[in-house]
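The values are calculated or read from the model by the stated rules, or taken from the named source; none is laboratory data. Note that the structure is a prediction, hence the values are computed from the model and not measured. Virtual Cβ from ideal backbone geometry, glycine too; neighbours counted across all protein chains shown. For accessibility, only protein heavy atoms count, side chains too; no ligands or nucleic acids. Shrake-Rupley method; radii C 1.70, N 1.55, O 1.52, S 1.80 Å.
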Amino acid sequence: MKNKLNEMIIQAEKSIMSCKTYNDVLDVKAKYLGKKSDFNDLMQELKNLPNEEKPLFGKLINEAKQEISKLIDEKREELEKSKINDLLKAQAIDISLPGRDFTLGHKHVLTKTVEEIEDIFVGLGYEIKEGPEIESDLYNFEMLNLPKDHPAREMQDSFYITEEILMRTHTSPVQVRSLLANAERKPMKIICPGVVYRKDDDDQTHSHQFMQVEALVVDELTTLADLKGTLLLIAKKLFGENREIRLRPSYFPFTEPSVEVDVSCFKCNGKGCSMCKSTGWIEILGAGMVNNNVLQAAGYDPMKYQGFALGMGIERIAMLKYGIEDIRLLYTNDLRFNSQF
Ligand code: PHE
């Protein structure tokens, strides 16, 4: 029996030494110390020994078990350590490598243009207002002096949702909304930037969805001279201190008189170039004195109150300022384009 025990210890030691993985160790442990282990067989044999020999062999078996269990624990620890070392080696960081560069995003050129325009007006004491993009025919047309059969409705081909509701074709309905909201008839200076919609075929200079900024000033004193001064200031701020403006007579149902506003060409300084089509002037917006009918429809006494309104296309301003030749570039989100600004 003693021989058997020694033999087992030697065998166990060998198996433990040859373990390569944690699982191997578990197998060896099960074989020698588990319920069905060779030791258990020996314990059975112990029962058949004469009584005086039992304590001695019991002790020997226990010592052998402890010895093997110690070897297993040592092997397990050794394997764990080498596993951690391997991992550390595999995940080692080379701190001498240069850092990786990542690019920060920035505002879209259209957003930048809107904010620039907003800043100019806010600097002049205007308040920023918003209105809904889904608008009633009443506010978009009717109360702006464009009754149902008015031929000028054709200037703004519209997306109707029902007979009375449409996608707003301009930001001018915010004029109506602001006038109606001002029950106390306080002097008013507002702008409204926003998206508008027209049934246009998309091409290099047209888009069925684009942006405008509307401005409206109404009080008892504002005149065409104020409009002119405001326009000159905006032109200078947007396109440079040396700019001049030119007003041409025009027609909008909601303003009277109405003007089309040109700015002297900032590329050739008015001499004539491809940008201004050799005229020296570039059209930038429409404006005029608020039509009496609009004031009246909103409950204002046109004999007492007057003011001006203007509306400009933001894409057009951005395209002029940044030399963008196709309006569609502003919407297609090509990073090669967007990252230029
Ligand atoms: N609403 C006009 C348009 O979209 C622009 C405009 C606004 C003209 C205010 C005059 C006054 O064409």
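Legend note: in the chain, cysteines whose Cβ sits 4.7 Å or more from every other cysteine Cβ are Cys19, Cys192. Estimated from helical segments only, the mean residue ellipticity of the chain at 222 nm is -12500 deg cm²/dmol, where each DSSP H run of four or more residues counts as -39500 (n - 2.57).
Of the accessible area of the range 2-90, computed with a 1.4 Å probe over protein heavy atoms only, carbon and sulfur atoms account for 53 percent. Give, as ranges by residue number, the residues of the range 58-86 whose backbone N falls under 19 Å from the point 7 Å along Cα→Cβ of Ser18. Those under the cut-off are 68-69, 71-73, 75-76, 79. Sparse packing (at most 16 other Cβ atoms within 10 Å of the Cβ) combined with a DSSP loop state is found for the following trypsin sites (Lys or Arg not before Pro) in the range 1-99: Lys20, Lys35, Lys36.
Among beta bridges identified by DSSP and lying wholly in the chain, the antiparallel ones come to about 95 percent. Once Rg and the Kirkwood radius are both taken over the C-alpha atoms of the range 50-184, their ratio Rg/Rh works out to 1.73. When the alpha carbon gyration tensor of the range 2-90 is reduced to an equivalent ellipsoid, the three semi-axes, largest first, read 33, 11, 9 Å. Which translational diffusion coefficient, to the nearest whole µm²/s, is obtained for the chain from the Stokes-Einstein equation, given a Kirkwood hydrodynamic radius over C-alpha pairs, 37 °C and 0.692 mPa s? Taking Rh from Cα pairs, D becomes 121 µm²/s.
Overall, the accessible surface of the range 253-341 at a probe of 1.4 angstrom is composed of carbon and sulfur to the extent of 48 percent.
To the nearest ten degrees, helix 22-33 and the longest principal axis of the Cα atoms of the chain are 30 degrees apart.
Close lysine pairs were tallied over the range 168-280: pairs 8 or more places apart or on different chains with Cα atoms under 29 Å apart number 18. Applying the criteria of a DSSP loop state and at most 12 other Cβ atoms within 10 Å to the GluC sites (Glu not before Pro) of the range 111-183 yields Glu130, Glu163, Glu164.
For the range 134-194, the direction-averaged projected area of the alpha-carbon convex hull comes to 4.6 nm².
When the square roots of the Cα gyration tensor eigenvalues are ordered a ≥ b ≥ c, the ratio a/c for the range 169-294 is 1.5 or more and a/b does not exceed b/c, which makes its shape oblate.
The coefficient of translational diffusion for the range 260-310, derived via Stokes-Einstein from the alpha carbon Kirkwood radius under 4 °C and 1.567 mPa s, stands at 100 µm²/s. Mind checking which lysines have their C-alpha under 20 Å from Lys20, skipping anything on the same chain fewer than 8 residues away? Those lysines meeting the cut-off are Lys29, Lys31, Lys70, Lys75, Lys81, Lys83, Lys89.
For chymotrypsin sites (Phe, Trp or Tyr not before Pro), the sites in the range 59-132 that DSSP calls loop and that have at most 13 other Cβ atoms within 10 Å are Phe102. Helix 38-47 axis versus longest C-alpha principal axis of the chain: approximately 40°, rounded to the nearest ten. Averaged per residue, the chain has 59 square angstrom of accessible surface, using a 1.4 angstrom probe with ligands and nucleic acids left out. Straight-line cross-link partners of Lys4 among the aspartates and glutamates, defined as a Cα under 18 Å from its Cα and at least 8 positions apart when in the same chain: Glu13, Asp38, Asp41, Glu45, Glu53, Glu63, Glu67.
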